[in-house]
Amino acid sequence: MKIPKSHPRYDSLMRRETLVRAWKAGIVVPEGLIAHGRGEAFDYLFGERTIAPALVAERAGAAWLLRAKRPVLSVNGNVAALSAREVVRLARSIPARIEVNLFHRSEARVRRIRQLLERVGARNVLGERPNARVPGLESKRALSHREGVYGADVVLVPLEDGDRAEALVRMEKVVISVDLNPFSRTTRMASIPVVDELSRALLNIHRFAQELRDDPKEITRLTRTYDKDRNMAALYSFLRLGLTGVRATGGTR
Ligand code: PTJ
């Protein structure tokens, strides 16, 4: 379907088209389309823009990734479909390993996602032939790599499920999530929850990483001063304001 560039919700509609194409190509699962709809609903409430508390979390996330000894970016079907280039660019600039890790795991889909990431420049993507299990997880999400998620000290987990976020925190990793749902278990469990739309979040984290890379003092300051509870309280205030605005104007777009 051709979407006119002038459409007020062009970006959002394009993301839907991208996901449907990726579903047809066997990258995204049907459940991923449903998950995206939930994300869209929250993005609508935040005005489809990155709010200030999310920027604070993104900057802290960039600092933690730069400071990490073994940083890893975890990629699932939706993330590969929507943001493969951004993931690869971020992985290069940290530098971090990439691991394909799927909730609805099939070996064929792991391979297709690895190939998609390689087409946009990724090297040595992990995910096939996992050699470790995240303890306490029943799902196939537990399958991981010693040189990847399993052995990481800092993990970026966009569009995660709460169980693995919790299990990774139990392993004493610093878990940076990206999830538009401010109430999800992932957001509540993560060490640094980024409540923002995936592609915007990855662009911002990359930009902050570029800014911070030569500033070790600022990196240390950020990792010491980021306060999750304060950040979440600010985020809930934005959400409240957003809802009040919708009531006052009778809706958004
Ligand atoms: O590819 P797989 O097999 O690993 O499966 C991927 C999905 C996303 C289906 C799987 O991880 C899943 O079921 O996730 P959940 O538990 O539905 O959680 C996904 C969360 O991501 C939800 O809370 C959504 O609000 C949020 N979300 C969806 N799209 C976006 C998003 N957050 C930010 N940006 C988005 N584009």
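The values are calculated or read from the model by the stated rules, or taken from the named source; none is laboratory data. Predicted, not measured: the structure shown is a model, and the values here were computed from it. Don't worry about glycine lacking a Cβ; one is built from the backbone with ideal geometry, like all the others, and counts go over all protein chains shown. SASA here: full protein model, heavy atoms, side chains in, ligands and nucleic acids out. Shrake-Rupley method; radii C 1.70, N 1.55, O 1.52, S 1.80 Å.
Quick check for me: using +1 on Lys/Arg Cβ and -1 on Asp/Glu Cβ, what's the dipole size of segment 52-236 about its Cα centre, in debye to the nearest 20?
Rounded to the nearest 20 debye, it is 520 debye.
Which net charge results when you count Lys and Arg as +1 and Asp and Glu as -1 among the other residues whose beta-carbon is under 14 Å from that of ARG21?
+4
Percent of accessible area on the chain owned by carbon and sulfur, 1.4 Å probe?
53
Take GLU128 and ARG9, extend 7 Å from each Cα along the Cα→Cβ direction, and tell me the distance between the two endpoints in nm.
3.9
With both partners inside the chain, how many of the DSSP beta bridges are antiparallel, as a percent to the nearest 5?
The answer is about 10 percent antiparallel.
Which of the trypsin sites (Lys or Arg not before Pro) found in segment 43-81 are in a DSSP loop and have at most 10 neighbouring Cβ atoms, other than their own, within 10 Å?
Sites meeting the loop and neighbour criteria: ARG49, LYS69.
Tell me the label-point distance for the pair ALA233, THR220, using the 7 Å Cα-to-Cβ offset, in nm and rounded to one decimal.
2.8
Enumerate by residue number the GluC sites (Glu not before Pro) in segment 143-186 meeting two conditions: DSSP loop (anything except H, G, I, E, B), and at most 11 other Cβ atoms within 10 Å of the site's Cβ.
Passing sites in segment 143-186 are GLU172.
Out of all Cα-Cα pairs in segment 52-236, roughly what percent, to the nearest whole number, are more than 22 Å apart?
Beyond 22 Å sits 39 percent of the P(r) for segment 52-236.
Over the chain, average the accessible area per residue using a 1.4 Å probe and give it in Å², no decimals.
Roughly 49 Å² per residue, with all protein chains present.
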